[in-house]
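**Student:** Here you go, one structure.
The values are calculated or read from the model by the stated rules, or taken from the named source; none is laboratory data. Predicted model only: the values in this text are computed from it and were never measured. Counting neighbours? That spans all protein chains shown, and the Cβs are built from the backbone with ideal geometry, glycine included. These accessible areas exclude ligands, DNA and RNA; they are computed on the full protein's heavy atoms, side chains included. Shrake-Rupley method; radii C 1.70, N 1.55, O 1.52, S 1.80 Å.
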Amino acid sequence: MTTKLFLNDKFILLLILINAVTIFLSGFEMSLDNRFTLTLTDNLITVLFITELIVKFKEFGIKGYFNSNWRKFDFILIALSIPSLIAFIGNLEITNLSFLLVFRVMRIFKSFRFLKFIPGIEHLIKGINRALKASIFVFIGFIIYIFIISILSFYLFKGVSPEHFGNPLNSLYTTFKIFTVEGWYEIPDLITHNLTPTTSFFTYLYFIFVVISGGIFGLSLVNSIFVDAMVSDNNDTLEIKIDLLEKKIDNLLYKNKRL
């Protein structure tokens, strides 16, 4: 009975949904009793997930269990939630090891198990994987371009706008924001506030170039290649069907001519 229960996807999905609601509600202000109830519920569900793991180990064997990518994913998520369970059982809040309670944030990852119950998720993941492989060199090129522009901007504007370009890391973040067309005009306006008209003019030209090259052409190119690779599987299937249909039509025409 226990084995069938923990092998039932509907039961596991119900646990995941309850756990997600529990984690959501625990973010609100409430009495200590209610918070303890939610924490207890959360950790009880973790115990049930560990029980599910043990049941599936016995059912499929350790090697058989890890033959499935989804089960590998489940194992990682369950393992991430164990520290918060240990902290709860050991009441680490009253010890010098209370810093380990930061691992409680890992419990949110248990909600990711809901993904495998989404219809067509495997096809979507395959599409994403295919798109990442197809566009990896474009991504690398785009990252290198962001890096070059951020370093150049750092040396150009570190003295004028230290809050945005004071160090290479800040410059990298600011450049990325501009590439996403976030603050593309506020940042140049702040930089040119105390500059001469001539310097301001060339500063504006520089940021116009950055926005057009990285924000419009760069991101658009990355997005288009990624999306095209995502749907290429559907296009390939359609092309195969069209080829088969053409062959059938050719065979019918050939038979009609012989008759």
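**Student:** Here is a list: Thr95, Thr51. Which entry is among the polar types (S, T, N, Q), open to solvent by less than 80 Å² (accessible area, probe 1.4 Å) and at pLDDT 85 or above?
**Tutor:** The match here is Thr51.
**Student:** Restricting to the stretch 151-172, and then to whatever is among the hydrophobic types (A, V, I, L, M, F, W, C) and surrounded by 13 or more Cβ atoms within 10 Å (Cβ to Cβ), can you tell me which residue is nearest to Leu190 (Cα to Cα)?
**Tutor:** The extreme case among them is Val160.
**Student:** Testing Ile242 on (1) more than 30 Å from Ile121 (Cβ to Cβ); (2) modelled with pLDDT under 80; (3) not acidic (Asp, Glu), one condition comes back false. Which one is that?
**Tutor:** (1)
**Student:** Here's a follow-up. Hey, can you tell me all the residues within the stretch 114-150 that are at pLDDT 80 or above and open to solvent by less than 50 Å² (accessible area, probe 1.4 Å)?
**Tutor:** Gly141, Phe142, Ile146, Ile149, Ser150
**Student:** While we're on this one: Can you name the condition, by its number, that Gly90 falls short on among (1) modelled with pLDDT under 75; (2) among the small types (Gly, Ala, Ser); (3) surrounded by 13 or more Cβ atoms within 10 Å (Cβ to Cβ)?
**Tutor:** Here Gly90 clears every test but (3).
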